[in-house]
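Note sheet for the following structure.
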Amino acid sequence: MTATYDCIATTTLGSAQLTVTFSSIPATYTDLVLVYSGSSASAGQSLDIRLNSDTGTNYSFTGLYGDGSAASSFRVSNIAYGRIANFGTGIGNAIAQFQNYANTTTYKTWLSRSNDAGVDLVAFVNLWRNTAAISTIACSNFGSSLNIASGSTFSLFGIKAE
């Protein structure tokens, strides 16, 4: 049996930095998976993304939040970035799945799930209103420009067509 996931790139930060970017993403996979583990400069920070350097208000997302005793949802429309995670404690893990990322006839969507050390869980569904194939993913806290901490790891995988 062949491996289904190819590791396209992995980055572990040696020092705090504002943005981590994956560029020149090949269009040879069916989907992409982005995995994050690390911490942020402060509690309450989010992990956001921009695709293909698009800074226009072409993104929207809906979030579902739970902490074991309460649940809530929220929606944000027409902003300049998408969302992968919210970290209440500033420390956490996230996984984002980009479906059909290389298609050039449909808007792009992705699903993400994250948790933090405080056991908060958040799920997001995102929309990027653009039909371009995704070739660049930039990860940052675009909402408040806080650094991603040293030691944080990002890995981008491509899912092979079988």
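The values are calculated or read from the model by the stated rules, or taken from the named source; none is laboratory data. In this text, all values refer to a predicted model and were calculated from it rather than measured experimentally. Every residue, glycine as well, gets a Cβ built from its backbone with ideal geometry; the counts of neighbours run over all protein chains shown.
For the stretch 136-159, which positions are farther than 12 Å from Ser40 by Cβ and either at pLDDT 90 or above or assigned to a strand (DSSP E or B) (or both)? Those that are farther than 12 Å from Ser40 by Cβ and either at pLDDT 90 or above or assigned to a strand (DSSP E or B) (or both): Thr136, Ile137, Ala138, Thr153, Phe154, Ser155, Leu156, Phe157, Gly158, Ile159.
Taken residue by residue, the stretch 114-128 has at least one member that is surrounded by 15 or more Cβ atoms within 10 Å (Cβ to Cβ), among the charged types (D, E, K, R) and over 19 Å from Thr21 (Cα atoms). Just one of (1) of a type in the set (A, V, I, L, M, F, W, C); (2) at pLDDT below 90; (3) not in a strand (DSSP E or B) fails for Val122. It is (3).
Remark: pairs (first residue in the stretch 57-72, more than 19 Å from Asp116 (Cα to Cα); second residue polar (S, T, N, Q) and surrounded by 12 or more Cβ atoms within 10 Å (Cβ to Cβ); Cβ separation under 8 Å; 6+ apart in sequence or on different chains) = Asn58/Asn130; Tyr59/Asn126; Ser60/Asn126; Phe61/Asn126.
For the stretch 53-75, a residue qualifies if it is at pLDDT 95 or above and either small (Gly, Ala, Ser) or crowded, with 16+ Cβ neighbours inside 10 Å (or both), and the qualifying residues are Ser53, Asp54, Gly56, Asn58, Tyr59, Ser60, Phe61. Within the stretch 77-112, the set of residues being more than 23 Å from Leu156 (Cα to Cα) and either modelled with pLDDT under 95 or of a type in the set (Gly, Ala, Ser) (or both) comprises Ser77, Gly88, Thr89. The lone criterion from (1) of a type in the set (A, V, I, L, M, F, W, C); (2) within 27 Å of Ser23 (Cβ to Cβ); (3) in contact with a Leu (Cβ under 8 Å, 6 or more places away or on another chain) left unmet by Ala71 is number (2). Kindly evaluate Ser42 against the criterion of being in contact (Cβ under 8 Å) with a residue 40 or more places away in the chain, under 16 Å from Thr19 (Cβ atoms) and among the polar types (S, T, N, Q). So Ser42 does not fit the description; no.
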